[in-house]
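To start, the structure under review is shown below, and the notes come after it.
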Amino acid sequence: KKGILMRKFGQEIIKLVAGKRIHGISTTPGGVHKRINAKERNYFLDGKDIPSIDTMILWAVEIIDFIKEYHLKNKKFLDSFAAYPSGHLGLVNKKNGFLELYDGNLRAMDASGNITLDDVPNDDYNEHFYESVEKWTYLKFPYLKHLGREKGWNRVGPLARLNICEGIETPLAEKERLEFKMVDEPWILKELPAEVLEKAKVAASRLSIVAIIFAVLFYAYSAQQIGFFDKGALMYGVAGAAAVCLVLSKVFLMGSGYGKAFVMSSLTIVFLVASMFCFLFPNVMISTNPGCNLTIYNASSSEYTLGVMRWVALIFVPVVLVYQAWSYWTFRQRVTPEHLEY
């Protein structure tokens, strides 16, 4: 019943805007065919003759929740049913790249998420698209010129619009969009509220710029003051690897590849620390008097002490690892109201 009433609501809007429910006239040269007055608008707001727009939103959220639960139970089947790779094309807001349904820039991406048409004005359609024809239909088949007909075609429905946009202006829709984009993300991200994840992404994106600037200044100062790169190819290789990983973490973050961004930022730390050790070796701490440098040789403990510590490490390191594994497993999920007993 709700579905039938929602369909009726949509048809009434079409009738109001286009003059009739099927094959309406809607737009005319210079604008639309009629104005909407207050009485006609209130017909959709007061809920007297048909359910109100607020009711429509409530029912829409209900069906989305049902679909999410159904997908969770039947993920393998649904993700493979009628699945085929394609390009995606739609309009995005000219200022912020958000979903646009009326007047925006054209954006397209391929099945892997790579941009194939980067926010061009819709007036430039003819410069970027060819249209092919078939004998069995009057429809045209547009495709991107630079990709050709086999690879340049795009789907343009609701799925394409969700995939190519960077956000939706209305809060409820944006919340659902973020959850949709996280379907195949690591489990830890699914546990985060969509709003929190979006704020974290913005903060991480800004901080990554600070990190890149800091890394450049650190290496430049170290090279000038203490000859950081005097050891040649090894230092350049390790420091270069740290720089590449840091930049890649920023790139993956911008594309919402949170898992890859995490791996790259972790490798950045590994290579950064490795570059310091490569430069210092065999020193542990450098003195202004080279003869007083603290090295791995004069700073090491006696053979007996090292032997004792070896056995301590062999016994207690596994205990610590097991405890940490148990701790992570125990607290692997968020506490919900259902877990509370008081």
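The values are calculated or read from the model by the stated rules, or taken from the named source; none is laboratory data. Everything numeric here is computed off the predicted structure, so don't read it as measured data. In this analysis, Cβ positions are derived from the backbone assuming ideal geometry, glycine residues included, and neighbour counts consider all displayed protein chains.
Remark: ILE164 falls outside the filter, which requires a residue to be over 12 Å from the mean Cα position of the chain (by Cα) and closer than 30 Å to ILE64 by Cβ. Among the candidates ALA82, ALA60, which residue alone is at positive phi and more than 21 Å from the chain's Cα centre (by Cα)? Of the residues listed, the single one that is at positive phi and more than 21 Å from the chain's Cα centre (by Cα) is ALA82. Filtering the stretch 104-121 for residues that are under 29 Å from ARG7 (Cα atoms), surrounded by 11 or more Cβ atoms within 10 Å (Cβ to Cβ) and either free of Cβ contacts under 8 Å to residues at least 12 places away in the same chain or out of contact with any Phe, Trp or Tyr (no Cβ under 6 Å at 6 or more places or on another chain) (or both) leaves a non-empty set.
What about VAL251, is it within 25 Å of the chain's Cα centre (by Cα) and over 18 Å from LEU207 (Cβ atoms)? Walk me through how you get there before you give the answer.
On the way: within 25 Å of the chain's Cα centre (by Cα): yes; over 18 Å from LEU207 (Cβ atoms): no.
Judged against the criteria, VAL251 is not a match.
The residue list LYS135, LYS94 contains one member that is out of contact with any Ser or Thr (no Cβ under 9 Å at 6 or more places or on another chain), surrounded by 12 or more Cβ atoms within 10 Å (Cβ to Cβ) and assigned to a loop (DSSP other than H, G, I, E, B), which is LYS94. Can you tell me which residue within the stretch 193-221, out of those that are surrounded by 15 or more Cβ atoms within 10 Å (Cβ to Cβ) and at pLDDT below 75, is farthest from the chain's Cα centre (by Cα)? Per the stated criteria, the residue is ALA194.
Within the stretch 107-132, the residues that satisfy the criterion of being assigned to a helix (DSSP H, G or I) and acidic (Asp, Glu) are ASP123, ASP124, GLU127.
Given TYR323, TYR304, TYR297, which one is modelled with pLDDT under 90, outside any loop (DSSP other than H, G, I, E, B) and of a type outside the set (A, V, I, L, M)? Break it down into steps so the answer makes sense when it comes.
Numbers: TYR323 fails: modelled with pLDDT under 90; TYR297 fails: outside any loop (DSSP other than H, G, I, E, B).
Unique residue meeting the criteria: TYR304.
Exactly one condition in (1) free of Cβ contacts under 8 Å to residues at least 12 places away in the same chain; (2) surrounded by 11 or more Cβ atoms within 10 Å (Cβ to Cβ) is not met by PHE77; state its number. All conditions are met except number (2). Sort out which residues of the stretch 8-25 are exposed (fewer than 15 other Cβ atoms within 10 Å of the Cβ) and not hydrophobic (A, V, I, L, M, F, W, C), and write them in order of number. Of everything in the stretch 8-25, those that are exposed (fewer than 15 other Cβ atoms within 10 Å of the Cβ) and not hydrophobic (A, V, I, L, M, F, W, C) turn out to be LYS8, GLY10, GLN11, LYS15, GLY19, LYS20, ARG21, HIS23, GLY24.
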